[in-house]
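S.K.: Structure incoming, see below.
Bear in mind that the values in this text are calculations on the coordinates, not laboratory data. Nothing here was measured: the structure is a model prediction, and the numbers come from that model. Quick reminder, even Gly has a Cβ in these numbers, built from the backbone with ideal geometry, and neighbours come from all protein chains shown.
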């Protein structure tokens, strides 16, 4: 009986190690260049969007005053239903013409599987952009410079 228990324990240990080895993620340097707009600092959220077009995970938030999170309307709906501890992935808002350098972590299993990164932006008393930038989470999409449609001029990712 003792040997069966030891064998089962060893099998469970090997399974956990192999499972952990397959759950890999990579870090990416994210360089975001803002357009030259007038006004307050933009609040920007970087989200992982699944192949169905739904929010799956918050990767980074630029803007640390929670009272303005509701201005990022679509993300705020998601975050209100499934609140996450975002304190470790939150930084300062970004103003017109500025550049922001951050690091985001992406699960390698999501690459080339229909996922995308969404950069949602809002500025106080100005227009809201639900998809200021969307980057297909493909090998080519990650390597490309992605143009913004609103407050973001462009985003560039590079694997660290």
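S.K.: Which value at 222 nm does the chain reach when only helices count, each DSSP H run of 4 or more adding -39,500 (n - 2.57), with the total divided by all residues and rounded to the nearest 500 deg cm²/dmol?
M.R.: Details: 3 runs with 35 residues, N = 160.
Rounded to the nearest 500, it is -6500 deg cm²/dmol.
S.K.: Now for a separate question. To the nearest Å, what is the center-to-center distance of the stretch 33-60 and the stretch 63-136, using C-alpha atoms only?
M.R.: Cα centres, the stretch 33-60 to the stretch 63-136: 3 Å.
S.K.: Please check which bits of the stretch 22-47 a label hung off residue 65 would reach, taking the label as a point 7 Å along Cα-to-C-beta and the cut-off as backbone N under 13 Å.
M.R.: Under 13 Å, as judged by backbone N against the label point of residue 65, lie 40-43 of the stretch 22-47.
S.K.: So how far apart, in nm, are the two label points at residue 131 and residue 33 if each is 7 Å from Cα heading toward Cβ?
M.R.: It is 2.4 nm.
S.K.: Sticking with this structure for a sec: Which one is right for this structure if percent of Cα pairs over 23 Å apart is calculated from it: [x] 42; [y] 46; [z] 30?
M.R.: [x]
S.K.: If you don't mind, another one. Over the alpha carbons of the stretch 100-160, what is the largest minus smallest coordinate on each principal axis, giving the biggest first in Å?
M.R.: Per principal axis, max minus min of the Cα coordinates gives 39, 23, 17 Å.
S.K.: Follow-up. What angle do you read, to the nearest 10 degrees and between 0 and 90, between the alpha-carbon axis of helix 2-22 and the longest principal axis of the chain?
M.R.: Helix 2-22 sits at roughly 20 degrees to that axis.
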